[in-house]
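The values are calculated or read from the model by the stated rules, or taken from the named source; none is laboratory data. The structure presented is a predicted model; accordingly, all values stated were derived computationally and were not measured. A quick note on method: Cβ atoms are made from the backbone with ideal geometry, for glycine too, and the neighbour counts reach across all protein chains shown.
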Amino acid sequence: MNRTGPILAIVLVIVSNAFVLIGVATNRTGGAIETIELTERELTLQTLPEDNSGVTLFLAWRRPLHFGKTNSKPDFDRAKLQELGFDCPIPQAASDQPRYLLARERFVALEYEGASWEKWLQSEEEWAKANPKEFSSQSPGNRGKADLGGRRASRLFVVDAAPKAEQLRSKYPDQRKYLIVRAVITAWLESERDPATNAEKSRAWRGYVGAIIPPEIYVPLPFAKSLSGLSRNAGAEPRYTVTLQYGRKLEPWVAGVKLLDKK
């Protein structure tokens with residue numbers, strides 16, 4: 001009976017687990033370099049296994065306001081994209097140059113309950129005042145954009161990007177308000193068209209954050225026990241806070257979970 005296959009499979013699992021453990025140990029060598037406390041708005045429940053062996057949280061983040069629009073893409077212009085390492089040729093009105101560039105992994109700064117949040121919230125309140133009928137027609141728990149954004153939405157906003165994490169960390173040193181993370185940056189060639197004729201007037205390079213790495217965070221025991229009894233449906237107010245720490249490789253881990261008192 002050939003036992004080579006099963007033995008190789010076992011060895012592969014052992015080696016894979018060893019690499020994972022080595023990566024975790026390397027990431028946490030020297031302790032955490034970033035520590036921040038976030039609420040359920042920013043770390044939403046994703047999975048709740050029946051055996052309570054662990055919980056997965058999704059890191060929810062938002063894009064800043066641009067051109068008076070909510071949730072629009074961050075306006076990384078050509079100069080910023082070049083700073084991030086993108087090769088952005090001068091746009092030509094009519095050419096065969098690529099419309100999209102290969103995405104790159106870089107670093108971004110996320111601001112927590114800062115100026116970007118206040119600006120976004122102000123825009124939501126202005127919308128409610130300008131659209132009183134639409135706002136009042138919504139149910140009390142979900143009254144249009146103002147109530148949903150002001151009470152339930154994430155307060156983490158993308159505010160900057162750089163090729164190296166140290167550049168952002170020195171620029172945004174307050175760990176209570178800023179989180180430096182890895183991210184995928186995408187660049188594309190945007191066309192501006194004449195509204196009357198729909199003819200292309202000009203082109204410009206624009207970029208945005210496509211994803212935060214990693215997007216999900218595993219919550220091990222015993223912290224998972226605190227969250228295992230909760231449903232995935234969040235209420236108007238957050239039910240818990242999570243102390244999140246990042247190591248040398250900017251891989252996060254959960255350092256604490258606290259359930260909030262119900263009012």
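Worth a mention:
- Put simply, of GLY54, GLY68, GLY31, GLY23 the only residue that is at pLDDT 65 or above, exposed (fewer than 15 other Cβ atoms within 10 Å of the Cβ) and small (Gly, Ala, Ser) is GLY31.
- Residue check for ARG203: in a loop (DSSP other than H, G, I, E, B) and either touching a strand residue (DSSP E or B) at 6+ places or on another chain (Cβ under 8 Å) or over 26 Å from ALA115 (Cα atoms) (or both): no
A quick yes/no check of all residues on (1) at pLDDT 85 or above; (2) outside the structural domain of ARG169 (by TED's automatic domain parsing); (3) not in a loop (DSSP other than H, G, I, E, B):
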position: GLY210; (1), (2), (3): yes, no, yes
position: ILE217; (1), (2), (3): yes, no, yes
position: ASN233; (1), (2), (3): no, no, no
position: LEU250; (1), (2), (3): yes, no, no
